[in-house]
Amino acid sequence: MATMVKQIERDFLIGVLLNEQIPVHYLYDRTEYRFRVSRIQGNKLYFATAKTVENIKPKTKMNISFIYKNMQFSCSLLVIEVQKDYIITILPEVLYKNLDRVYARIPVPEGLEVQCFYTAKQYVLPFPKLSKAASSSVPQQKPFSSFHEGVKILNLWIKNYFDNVDICSFRNDNILLTEQRILATSGKILYIASTQEGLPLTDLSGELVTQETFAHYLETAGHNPAYLNKVMEEFIVSKRDKGILSEIWVPMIFQQYVVGTIHAWKTTESTAPFEGTDKAKLIQFSKDLVSMMYAEKYFEAGFLAGKMIIGKVVDISVSGFRIAYPISPFSSTLTINGEVTVTLRSQKRTITTMAKIVRVYQTSKVSFLGCHFVNMQLEDRRFFFECIYGQMFTDTNDPIVTGTV
């Protein structure tokens, strides 16, 4: 993954480009250009060019890369002047060190058409939405004959460990209970092993609500940061006052939505200890109940059929691409780890492959997806490399290895 270098290192590296005359690489429309820095004046970089660069004009940007001490660096430069034998740009605000060896991103070359089709079954639902989908797939099996049978089996099993159980399926995102709100924002399990001790300080598994998770929730809910510990203490004390010895809340998650909760609590010591393997089984129960909700078409009203992603491919490389598209209900279903079918069409060959969504972000009007190609055939990759870079795929292509999706 690309890492932004600090300002001191950035200034040093720009000086190295001039003092050691390290070549800078720029790819455009299947042609590789090499420049060298001839002068640095104020906030301007002067590049000496051995040949005229096509289609580079003032106010355009160049994505360049260079190698220093066997490390890849890249940045985007704003062009302010172009002459026959030199180009003047503004000094880059940021410079990236590329720790992964993936290929340079360039504008889509002429003659290459890119189509993306999102085939996963996705839903827009009126439930609390997590920032990252638990899974982009839908359940394929029916673990019980019905949802109600699953509830009965869960009730019988959990009574071995807790005196009481409550299963709640949400109708909308208007959630009143604090515990459910924490689950709805974090997607984690709220487990209080003993109300004499409270929430865990840390959790190596990443599954549980810790004191830090709870404090973050309280702060985002508007509580004064100076009183977070007091509020958490009062939260635990209120449970002791109700006679609760221990309790657990498990979210029921469908894709990126929290659609319900399982709540179990203990008021006597007559039940068996609740161990780690029991927690894993309760998590599986939550997944099985969601599977039955899906099988019984609980989510059907929010179904969106797979469709083509209508947008503009901002840049592309052999490893992936970035696409911009308008914000819409459909765009909200495109989440990290989702997969898209991609068709790459040129005059000589059409390649169909899969890509995984690895990055999602948006401005006020436009959403962006960063996608990484998966399982592209070697011969297709070789052809695609030549198609976008205008070079044969060989081990000597290292100078243009840079960037990230």
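Cα gyration tensor of the stretch 147-301, axes a ≥ b ≥ c as square roots of the eigenvalues: rounded (a/c below 1.5), prolate (a/b > b/c) or oblate? Working shown, then result.
Numbers: a/c = 1.94, a/b = 1.23, b/c = 1.57.
It comes out oblate by the Cα gyration axes.
The three principal axes of the Cα atoms in the stretch 175-246 give end-to-end lengths of 29, 28, 24 Å, sorted in falling order. Full extension of the chain between ASP173 and VAL94 yields a length gain of 24.4 nm, computed as 0.36 nm times the residue separation minus the alpha carbon distance. The length gained by stretching the chain between ALA324 and TYR68 to full extension, at 0.36 nm per residue less their Cα-Cα distance, is 88.9 nm. TRP265 sits among other residues whose Cβ lies under 11 Å from its own Cβ, and their net charge, with Lys and Arg +1 and Asp and Glu -1, is -1. Rounded to whole Å, the principal axis extents of the Cα atoms in the chain read 85, 50, 37, largest first.
Placing dummy labels 7 Å off each Cα toward the beta-carbon, the span from GLU300 to GLU207 is 3.3 nm. In summary, the aspartates and glutamates within cross-link reach of LYS159, defined as a Cα separation below 13 angstrom excluding same-chain residues under 8 places away, comprise GLU247, GLU269, ASP278. Over all other residues within a Cβ to Cβ distance under 14 Å of CYS371, the charged ones net out to +3, with Lys and Arg as +1 and Asp and Glu as -1. Label-to-label distance, ASN55 versus ALA193, with points set 7 angstrom from Cα along the beta-carbon direction: 6.1 nm. Between the beta carbons of THR352 and GLU233, assuming R0 = 60 Å, the FRET efficiency works out to 0.55 to the nearest 0.05. Shown here are the Rg and Dmax of the Cα trace of the stretch 2-98, at 12.5, 34 Å. All other residues whose Cβ lies under 11 angstrom from that of TRP157 are scored, Lys and Arg at +1 and Asp and Glu at -1, for a net of +2.
Neighbour counting of Cβ atoms within 10 Å sorts the residues LEU78, LEU245, LEU45, fewest neighbours leading, into LEU78, LEU245, LEU45.
What length, rounded to one decimal in nm, is gained on full extension from VAL374 through to ARG34, with 0.36 nm per residue of separation minus their alpha-carbon distance? Kindly include the intermediate steps, with their values, before the conclusion.
On the way: separation 340, 0.36 × 340 = 122.40 nm, distance 3.06 nm.
Extra length from VAL374 to ARG34 when fully extended: 119.3 nm.
Values quoted throughout were computed directly from the atomic coordinates according to the rules given, and no laboratory measurement underlies them. Bear in mind that the values here come from a model prediction, so they are computed numbers and not experimental data. A quick note on method: Cβ atoms are made from the backbone with ideal geometry, for glycine too, and the neighbour counts reach across all protein chains shown.
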